[in-house]
Every structure is written in C-alpha cells, then in structure tokens.
Amino acid sequence: MSKSALAAKLPDYDDVPGSSGFHLDTAIERIAHWLPTQGPIKDFIHHNTLHAVQDRPFHEGVAIAANLFGARSYLPLADYQAMYREGRIRDFAIDWALEHSGAGRGNSAALRESLFQTDDEVHYPPVSLANHGIRERWLTHIQVNLNALVHPILFRLVANFLDQGISGWSVARDGESLWDCVWRLVENSVIPLHPFSETSARAVINQSADEAILACLGEIVGSEPLYEQYVMEMLLAHPGWAGMVHLIEQNPQALLAKRRISLKELIAVELACELAFLHRKRGAGFLPVAKLPHLSQVPRLADATAKPLVPLRLKVWHEAMEFSLHAELLQALKVQAAPAAIASSDKAVPMAQAFFCIDDRECSLRRHLEEIDPRIETFGAAGFFGIDFLYKGLDDAYPVAQCPVVIQPKHLVLESSCTRRPPRKSPRASSWGSCISRLSPWCATGFTRKPWAWATPPAWPGTCSVPARCCPKSSN
C-alpha cells in the first residue's frame, strides 16, 4: 500500500474510535506513517524522504515536515534577497510568483514590498515536535539526557541482532524475536546486562512487549492522551533506525539472514531502557510528563499534522527562484548551437564510447560530452548491466543483490583468488580471553562503566560489533 493510500486510511488524531483509551496498535500504525522507508545499507534505491506528505501540495507538505521533524524547508530570507541583488532571481519571476501566491491582487503590492524588508526575527523552521515537543521539554525540565544514555545501548543491541555476518558474534538465535532475545540476555547473562538489571526494568522485560510499553508509558508519561505523542517524539530522535526496523518488519526479505523484529519491540526495548535510567538518575518518584509545568503551551501532534501555516514571503521567494532557474534553462536551450557536422568517415569509428547509468542525473553529462566532441558516443544502460545477480566477495558472509530491489536475482557471482587463502576461523573457536580482550574497547568508548554482559556459551560470548551493512543510511 502506498503512503498516500495509507494516509487516507489512517484515522484523524482527534477521531480515534473509543478515544477514551489508548490503542497501542493503532498508534504504532499512525506513527510508522511518519517514519522514513529506510532500508539496510546493503540496498541502494532512490528515496523520497518526505513520502509521508507526498499527497499534499508542495508548500503545505514541507510545512508539515518542518512542524514534525524540525527541518529547514526554505533558504533564509536574506539569502533570497542576496540572490535578487546578484540577478539570479529576476523581477518577472517575482511577478509570476506573486500572481500565483493566492494573496489576491489587492495585497500583491504590499506583499512585494515586504519581500525586501529585513527581518531578523524570522524563526523558520518553526517550533517542531522533534526538537521542542513534550519529551524534549520534559527532559530539559528534569535535566536528564535520555538520548545520550539510551541510544548507544539501543543501537548496539539492534545492530548486532540484525547482524548479517559482519560481527564476530551475533546475539540472535534462529527464529528468536528481538524482545525474546533481550529477555534471554537479561535472564541468562553472567554479568548483569546494563541497564536492564535495574529492578523496574527487569520487571518490565519479563512482560510481553505490549504490557511493557503500557507499563513504561504509565510511569514515564502518566496520561494516555500523551502516550502516542511521546512515542512519536522518542522515535523521531532516531528516525533512520526506527524506519529501518519497520521496513524489515514489513519486508523480511530486506535481509538475507532473516530476523524477527518489529517496531513495537523496538519501542518496548527503548522504553524499558529509558525507565531504567530514569530510576537510576532521578529515583522511583521522578516527575512524569503529564505533570510538566505549562504543558498546554507545548506543541501537540494533532496541531503539527493539521493544515499548517505556510510562510508566504518565503513561498513567494522560493517560487520566484525556481521560475528564474527554469527561464534560464529554457533560454540556454533556445540559443544552444547545433551539433558540429562530422565527416562520414569519422562516424564509423567513434573516438570514444562512454556508458552511463540510465538516470536523469547522467543525461546532462552525456549531452555535454556529445556537444564538445560529436565523435564521442554515449549510451545509457542499467546500473547492473541487465544481469540480475548476487555477488559474494572473498570476505563477505552473505551474497548481496546487485540489481533493482523489484527484481529477484537468478545468478550468483563469487569472487575467487589465485592464491590459497587460510580457512576462516570460526568465531566460536575463540577463547574466552579473546572475547574479553575484544570487550575492552566497548567500556573505553563510554558504552557503560560496567563491563558489557555476555550470556553463557554459546549464546553470546562477549562482543556486539556494529555491523556496517545493517546500519540505516542517513536521510535526515
């Protein structure tokens, strides 16, 4: 189902059936709509990072994104004004943008005059949920940086659970879910698994993921109408990881070594970790979100996703800038010289042939080469050269697909060596001393002041390297 279709099916935040109670699955479904469709780094694909608002008009969509994610949607006002003075934005383009701004003819003159006024008080992007929501305001008030405490542990756990053969050891067992894996580590580790050894967190881990989420939210937030917004803001602190987990949940084929993981389990693990640190830092009687002073002044989720206020001056400037660029391009095409004639004898044997990916970004380079020398012949070809295959390098644990994600590869290409290579040593043949020696960098990097826990062999002998191929690609 497309994101646009999903958006149409999602209930409004103020119209949830039986809104007197919190509906966990419904809330997670709505939250997932705003997360990026973030695949593991082994796959490359064009990605619209604003797919959640792609059904909206452009300026309305980017304004919603700014309200949610805290993204800067336009250049600063002074930058547009500087481009105008440099001649990069033309008067005819401003006239066109004013005409299509929706301000009306009677207001166009005043609006045009305001474009050139200096305004040092313009605050754009606006106040957002990601940067100024209830969670950030509350953490500032209680003076606890949960992101700095929780993220290093959460990311290492999830990365190693999703490991695709890069790590020396993997915590995941066949068919085991993330939540069950964390429970096993907490219960069976010889050394307490920090910070889940804290009494309240351990009690939460012994419940189901659903029960754990509700228990943690009850203590951390304290008010059901705020639950969904708190979880949303918590995930927006690491949208790439959350989006990747949701994508793997929806499409397990994204990983060659399958893993059972869900966005709900990620939320449960993170909340349990937050609860543990809150008890350590502020005790069992810490102030919940619902008792935060002046809570009514904090931005709310329903307001952020409603029809936003589009900054009219910035909209006009942006439209004028794009229209100027369009006009400049069309003018260049109009006066472009015809290709130079070449002798028929030269046509038979090109001076050079160049192959490019079939991609609109390559077209300008191809046309430029052909223009500067007609004897250069260029071609567009699929990046995988029409051969759908899996490629496995000498040091790769698994083969990787080298074709578009919509194609199931039917061929396997193996890298080989002319020289005999020593057999790869099994990680489980390592001694416990080796495991402990590999453990020390973790403590040195501030992961925890206590040694990282390991389970009794062969469950988890001591390391949890972050696998490069399961880290989410950066889009924020």
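The values are calculated or read from the model by the stated rules, or taken from the named source; none is laboratory data. Small disclaimer: the values here were computed from a predicted structure and weren't measured. Positions of Cβ are generated from backbone atoms using ideal geometry, with glycine treated the same way; all protein chains shown enter the neighbour counts. To get the accessible areas, we keep the full protein, side chains included, count just its heavy atoms, and leave off ligands, DNA and RNA. Shrake-Rupley method; radii C 1.70, N 1.55, O 1.52, S 1.80 Å.
For 228, 211, what's the largest-to-smallest order of accessible area, 1.4 Å probe?
Order by accessible area, largest first: 211, 228.
State in Å² the accessible area per residue of the range 48-107; use a 1.4 Å probe, count heavy atoms of protein chains only, and round to the nearest integer.
Details: 3220 Å² over 60 residues.
Averaged over the residues of the range 48-107, the accessible area is 54 Å².
So, by mean Cβ neighbours within 10 angstrom, what's the order for 101-112, 304-315 with the highest one leading? Walk me through the numbers on the way to the answer.
Values: 101-112: 12.8, 304-315: 18.2.
Ranked by mean Cβ neighbours within 10 Å, highest first: 304-315, 101-112.
Among 208, 169, 193, whose Cα projects farthest towards the positive end of the dipole of the range 163-208, with charges put on the beta-carbon of Lys, Arg (+1) and Asp, Glu (-1)?
193
Using θ = phi - 60° and the Karplus form 6.51 cos²θ - 1.76 cosθ + 1.60, what ³J(HN,Hα) does each residue of the range 164-170 get, whole Hz, x for Gly and Pro?
So the J values, rounded to whole Hz, are 10, x, 7, 6, x, 9, 10.
Counting only protein heavy atoms and a 1.4 Å probe, tell me what percentage of the range 43-120's accessible area is made up of carbon and sulfur.
Details: 2280 of 4600 Å².
Roughly 50 percent of what the probe reaches on the range 43-120 is carbon or sulfur.
Calculate the FRET efficiency for residue 180 and residue 418 from the Cβ-Cβ distance with a Förster distance of 35 Å, rounded to the nearest 0.05.
Values: r = 45 Å, r/R0 = 1.30.
The value I calculate is 0.15.
Under 15 Å from the 7 Å Cα→Cβ point of residue 95, by amide nitrogen: which residues of the range 299-327?
Of the residues in the range 299-327, 320, 324 have backbone N under 15 Å from the label point off residue 95.
Rank these residues by their accessible area, most exposed first, probe 1.4 Å: 184, 85.
Values: 184 10, 85 175 Å².
Of 184, 85, the descending order of accessible area is 85, 184.
Carbon-plus-sulfur fraction of the accessible area of the range 278-341, 1.4 Å probe, in percent? Could you put the intermediate results ahead of the total?
Numbers: 2420 of 4060 Å².
Here it works out to 60 percent.
Simple spin-label model, 7 Å along Cα-to-Cβ: residue 407 to residue 392 in nm?
2.1
Which FRET efficiency, nearest 0.05, do residue 143 and residue 199 yield, Cβ-Cβ r, R0 35 Å? Let's see the in-between values first.
Details: r = 23 Å, r/R0 = 0.66.
About 0.95, to the nearest 0.05.
Return the whole-Å distance between the Cα centroid of the range 367-424 and the Cα centroid of the range 127-190.
The range 367-424 and the range 127-190 have Cα centres spaced 35 Å from each other.
Using 7 Å Cα-to-Cβ label points, what is the residue 286/residue 369 separation (nm, one decimal)?
Calculated label separation equals 5.8 nm.
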